[in-house]
Amino acid sequence: MELALLAIGVGIGVGIVVGALGAGGGILAVPVLVFLLGMPAHSATASSLIIVLITALVSLPHHARHGNVEWRSGAVFAAISVAGAVVGSRLSALVPEQVLLTLFGVLLVAVAFAMLRRALRTRSEERAEAAAHGSRGADAEATVAIHDDPVLDQPGPDTTESADGLLHHHGEAELPTTPTRPASPRLPLVIAAATLTGLLTGFFGVGGGFIVVPMLVIALGLAMRRASGTSLLVMVIATAASLLARVGTDVQIDWATTLIFAAGSAAGGIVGGPLSAKARASTLTLLFSGLLGGVAAVTLVQTLLV
């Protein structure tokens, strides 16, 4: 009973953070499951896949209704990622726990650094926008603040930008000549990006926007918001393949704790979501970077020094 209460409490906390900062739940779930709930590292990565899968399934219909899911491109990308997901899952089961957690800590550091650079760049753009347009600055700031993920408000190849510098989405003014995506994305780039996405998803048990969204932008040329919606489709397929690839291994899943954690995280996400509209994208991304840096420090210290 105490473990169940701890799982739902921690899950709600993670969900609030995820909802407010737009962060991926998987990258936070693994260290939480290991260091707070006492799961073995391999079990935690498998449980994280279940949490990511549930989150993606719940979130996908909302993005689909708003036309932010490229079904065909996403399905092709996800299908290619399956090979990497299977290989990553099998390799993960063979790696010693200390090595797995050390590599996960390194991944956290890399993502934290990338988010820090994005936050500083976004903050600079926000200040330039405010200085250039005076009274328009407040409107621009509000526009940037309303988002699903700190990553999503960055211009993508098919995001339109008006003369006043503001981005326009979801039926707002767009340039009629702007294509939704490149006519013929490079096949080798798509294959490489999808395979890497699957490999990281299967190996670490994560699959959030920090991996999939940039890959979809780079490989398929989608705008950030559309890439975010499409990434949910990719995550559903990639995480499902990663879980199936673990069948027959020695990895055991604590289903009760995992499902309770996932339910708490979903509830927390509902609470945390509205908080994201009250802060600038650069502030949210900076907070996400700091959070990941702290989790990375705890992960590496606990793994290497304890």
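The values are calculated or read from the model by the stated rules, or taken from the named source; none is laboratory data. Model, not experiment: these values are computed from the prediction. Cβ coordinates were reconstructed from backbone atoms using ideal geometry, including for glycine residues, and neighbour counts include every protein chain displayed.
Take Val213 and tell me if it is modelled with pLDDT under 80, surrounded by 17 or more Cβ atoms within 10 Å (Cβ to Cβ) and not hydroxyl-bearing (Ser, Thr, Tyr).
On the way: modelled with pLDDT under 80: yes; surrounded by 17 or more Cβ atoms within 10 Å (Cβ to Cβ): yes; not hydroxyl-bearing (Ser, Thr, Tyr): yes.
Here the answer is yes, as Val213 does meet what is asked.
Taken over the range 292-306, the criterion of being surrounded by fewer than 18 Cβ atoms within 10 Å (Cβ to Cβ) and at pLDDT 75 or above is satisfied by Gly293, Gly294, Ala297, Val298, Leu300, Val301, Gln302, Leu304, Leu305.
Are any residues in the range 205-230 of a type outside the set (A, V, I, L, M, F, W, C) and either assigned to a loop (DSSP other than H, G, I, E, B) or over 13 Å from Gly67 (Cα atoms) (or both), and if so, which ones?
Narrowing the range 205-230 to residues of a type outside the set (A, V, I, L, M, F, W, C): 205, 207-209, 214, 221, 225-226, 228-230.
Once the filter is applied, which keeps residues that are of a type outside the set (A, V, I, L, M, F, W, C) and either assigned to a loop (DSSP other than H, G, I, E, B) or over 13 Å from Gly67 (Cα atoms) (or both), the range 205-230 yields Gly205, Gly207, Gly208, Gly209, Pro214, Gly221.
Taken across the range 49-61, residues that are without any contact (Cβ under 8 Å) to a residue 12 or more places away in the chain and part of a helix (DSSP H, G or I) do occur, with at least one present.
With respect to Val99, determine if the residue is β-branched (Val, Ile, Thr) and either under 14 Å from Ile27 (Cα atoms) or in contact (Cβ under 8 Å) with a residue 12 or more places away in the chain (or both). Full working, then the answer.
Working: β-branched (Val, Ile, Thr): yes; either under 14 Å from Ile27 (Cα atoms) or in contact (Cβ under 8 Å) with a residue 12 or more places away in the chain (or both): no.
In short, no.
Cβ-Cβ distances below 8 Å connect the following pairs, each with a first residue in the range 294-306 that is closer than 19 Å to Met115 by Cα and in contact (Cβ under 8 Å) with a residue 12 or more places away in the chain, a second residue that is of a type in the set (Phe, Trp, Tyr) and surrounded by 14 or more Cβ atoms within 10 Å (Cβ to Cβ), and a separation of six or more residues or different chains: Val298/Phe35; Thr299/Phe35; Thr299/Phe104. Yes or no: Gly156 buried (at least 16 other Cβ atoms within 10 Å of the Cβ) and modelled with pLDDT of 85 or more? So Gly156 fails the test. The residues listed here are His42, His66; of these, the one that is surrounded by fewer than 16 Cβ atoms within 10 Å (Cβ to Cβ) and not β-branched (Val, Ile, Thr) is His66. Name the residue, out of Ala114, Ala78, Ala110, Ala85, that is out of contact with any Lys or Arg (no Cβ under 7 Å at 6 or more places or on another chain), in a helix (DSSP H, G or I), farther than 28 Å from Phe35 by Cα and not hydroxyl-bearing (Ser, Thr, Tyr). The unique qualifying residue is Ala78.
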